[in-house]
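Structure, as structure tokens:
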Amino acid sequence: MAVSRRVAELRREGVEVFDLGAGEPDFPSPETAVSAAQRALDEGRTKYTVLEGTPELRAGLASRYRAHGAPWRAANVLVTVGAKAALYELAQALLSAGDEVVMPTPAWVSIPAQVRLAGATAVTVPMAAGDGFAIRAQPLLGAMSERTRAVIVNTPCNPTGAVASMLDLERLAAACAERGALLISDETYERFVYDGWRHASVASLAAAYPETVVLVGSFSKSYAMTGWRLGYLLGAPSVVSAAAAVQSHVTSNATSFAMAGAEAVLRCEPPEAAALAAACARRRRSLLRELGRLPGVVCAPPPGTFYAFPDVSAWFDDWCPDSAAFSRCLLEEAGVATTPGSAFGCEGHIRLSYACSDEVLTSGMERIARLLRGRGLGAGRRRAG
Ligand SMILES: Cc1ncc(COP(=O)(O)O)c(C=O)c1O
């Protein structure tokens, strides 16, 4: 958000900025969603709804995840004001001082922050860079204690693009079930998986671990509906009602006519969603090709999301000693917005988003290449020691 603020400032000053920082698809929202929401407004669907979300939307979401084998019904669903609110409400409902939540890092910034806001401890467990930051059960299991209340994974992962395998999710679910903890899986990027990788969803484990697994999802990224603020969680009715109790004092229901748009998307899969995923696959190839040409920049192909998380530490020097300084330098000197790895608990890397247009991606990467070529890697630039 600090990067976005600076981008807005520079643009106000008339500086051309190529934004590879924002995690927001450049596509418009699907026509079906827009017209259904407009119809809902025309028909006067402008009042409070049931707190947990409209029956149609809850049923539609339960049915979507039943396709993964989950025994979920409408009562297992809470519609929230974005996935961010779903995670926040879970944290507020379930955690208190002394509780621990185990999570892999790098992690999306809000996950540890929300745990801390609830007074609990975020136990961050670094995943191995050499393994592409793949989300592995073993190190997470090793960090669990009698105080562990939940394990939160985000697969595919923002910022690394790494995924968890079904086997790893199952091992985590079994360990959580044994301790009476929850396995919360944020699957906001479920549609963005490439190169033959498959998305493994905790929905497939809900039949075996009905009290343990909680799925969090969103309409924001899959359908380019970021501004609609619609997310959800699915899990045991006790978890749904605990999170709903928090929601009742924070937002009440999600926006009525926005939910009408989401209902339409679930009834009839809009072609725009597949087009967005295909555009991201194409942009990912082009970004990886360009990154491969940059000296001193190392990036394992990320299986999912619309982010790459290259190691740029070879470029660090006294002038530009860390990822925040490197990102700032790219913005101020090349007019390219990126996000420093330190924001995600991982120094040495930056996050590049390819949810932007092809033109922005191409021009942004050209600018970065030109800047780095001008600075030159090596002799005298590396930090002493
Ligand atoms: C991993 C992850 N979870 C959740 C969210 C929040 O999504 P929403 O727009 O539904 O609140 C984001 C947004 O960037 C995200 O990256």
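The values are calculated or read from the model by the stated rules, or taken from the named source; none is laboratory data. Remember, it's a predicted structure, so these values are computed and weren't measured experimentally. Virtual Cβ from ideal backbone geometry, glycine too; neighbours counted across all protein chains shown.
Here are a few things to note about the model shown:
- Filtered residues of region 314-334 (kept if surrounded by 19 or more Cβ atoms within 10 Å (Cβ to Cβ) and of a type in the set (Gly, Ala, Ser)): SER323, SER327, ALA334
Quick grid of which residues meet (1) more than 16 Å from the ligand (Cβ to nearest atom); (2) closer than 18 Å to ARG229 by Cβ; (3) surrounded by fewer than 24 Cβ atoms within 10 Å (Cβ to Cβ); (4) modelled with pLDDT of 95 or more:
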residue	(1), (2), (3), (4)
GLN38	yes, yes, yes, yes
GLY44	yes, no, yes, yes
VAL50	yes, yes, yes, yes
GLY53	no, yes, no, yes
LEU61	no, yes, no, yes
GLY69	yes, no, yes, no
ALA93	yes, no, yes, yes
ALA97	yes, no, yes, yes
PRO112	no, no, yes, yes
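- Boolean, GLY292 is crowded, with 20+ Cβ neighbours inside 10 Å and out of contact with any Asp or Glu (no Cβ under 6 Å at 6 or more places or on another chain): no
- Unmet criterion (only one of (1) surrounded by fewer than 24 Cβ atoms within 10 Å (Cβ to Cβ); (2) within 11 Å of the ligand (Cβ to nearest atom)) for PRO237: (2)
- In region 143-168, the residues that are within 16 Å of the ligand (Cβ to nearest atom) and either free of Cβ contacts under 8 Å to residues at least 40 places away in the same chain or assigned by TED's automatic domain parsing to the domain that holds LEU352 (or both): ALA164
- Number of residues in region 193-223 that are within 11 Å of the ligand (Cβ to nearest atom) and over 23 Å from GLU100 (Cα atoms): the value is 6.
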